[in-house]
Every structure is written in structure tokens, then in C-alpha cells.
Amino acid sequence: MRILYLHQHYSGPGGATATRSHAMARALLAAGHHVTIACGQYAGAVTGLTGEMRHGRREGVVQGVRLVEFAIPCGNHQGFSSRSLAFGRFAAAASRLALAEPWDLVIASSTPLTVVVPALLARRLRGTPFVYEIRDPWPELPRAMGAAPPLALAAMEPLAT
């Protein structure tokens, strides 16, 4: 199968953030699948790609996994508005990738919740099945922390269900 794995905050083993998606992609490769991971530039993450960005992205193969890294910085150091903009930009870039190639499956791994948007588009426009992995309690967590305005919380509800 050709699998598109969407994880905006992806990191390979060299990064200082979770590498669960990397391990999952390697397991899918070992099972004989072709895996492409699409990610942004998350603070503390290391993708393993070193070339220049061209047209807002760079790509290559790291440990057998094709990586597409979009030039969309994101991190907890950013304010709510900046992070929200990064989430929207990643959803748009990943949507173009999701619709540009023939995928057999899309895996959308949140955080953020907007990572599901390209998967929903691929399902609706191409009939591509998807798996949605919600790794944080959304929108309960930002609500409890007071980290998002009520309108943003309301927008999160349908993406989390």
C-alpha cells in the first residue's frame, strides 16, 4: 500500500520530541508498505533532511521513509494566532499533497486537530480511507488550560469527533 502519514510535529530519532510516528512508519515499511510522512518544522524536531527548501518544501528519504517537510515553523513559543496560522498553512499544504498522488491510505496524527482536514478531503474527493489518531484530549485540554478563545474551541469540536 501507498500510505501518506500526516504529522505536522513529526521528528525522527535525532529530535527532542516524540518519535512515535517515525517508529510506526518504519513498522509499516517492514510490513512492505510505501510510506510518505508530511510534516512541518516543529521546534525541537529533527527530520533528518538537510537540503535547501524549494518552493516551500524539501523532501528526501530517511531510513527508507519518504519525508516531505513543509517550510512552516511551529512551536509552543508562538502565540495562539501564530500557531493557528501555522496549523492552517500545514493543512493547506498537506491537502495539496494528499490530492496530488494516489494514496491507498492516509494516516492523520494530531496534534493539531487540523491535520485531519487533508485526510477528509482525500476521502471526499478521491475515496481514500483514513485513520485519525487523536493523541491529546481535544478540545478538553485547551479548554481546561484557558489556552483558546471560545470560538476556537467551538471550531475544534467537529474536528475531534
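Return the FRET efficiency for the residue pair HIS34, LEU125: r is the Cβ-Cβ distance, R0 is 30 Å, and the value is rounded to the nearest 0.05.
After rounding, the FRET efficiency stands at 0.90.
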Region 1-62 - convex hull of alpha carbons, volume per residue in Å³: 81
Estimated inter-spin distance, SER82 and GLU101, nm [label 7 Å along Cα→Cβ]: 3.1
Of all C-alpha pairs within region 1-147, those more than 22 angstrom apart amount in percent to 35
If you take every residue apart from PHE130 with its C-beta less than 11 Å away from the C-beta of PHE130, what net charge results, scoring Lys and Arg +1 and Asp and Glu -1? +1
In this structure, the FRET efficiency calculated for GLU52 and ILE134 from their beta-carbon separation, with R0 = 35 Å, to the nearest 0.05, is 0.55
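None of the figures in this text is laboratory data; all of them are computed from the coordinates on show. Only a predicted model underlies this, so the values are computations on that prediction, with no experimental measurement involved. Ideal geometry is used to build each Cβ from the backbone, glycine not excepted, and the neighbour counts take in all protein chains shown.
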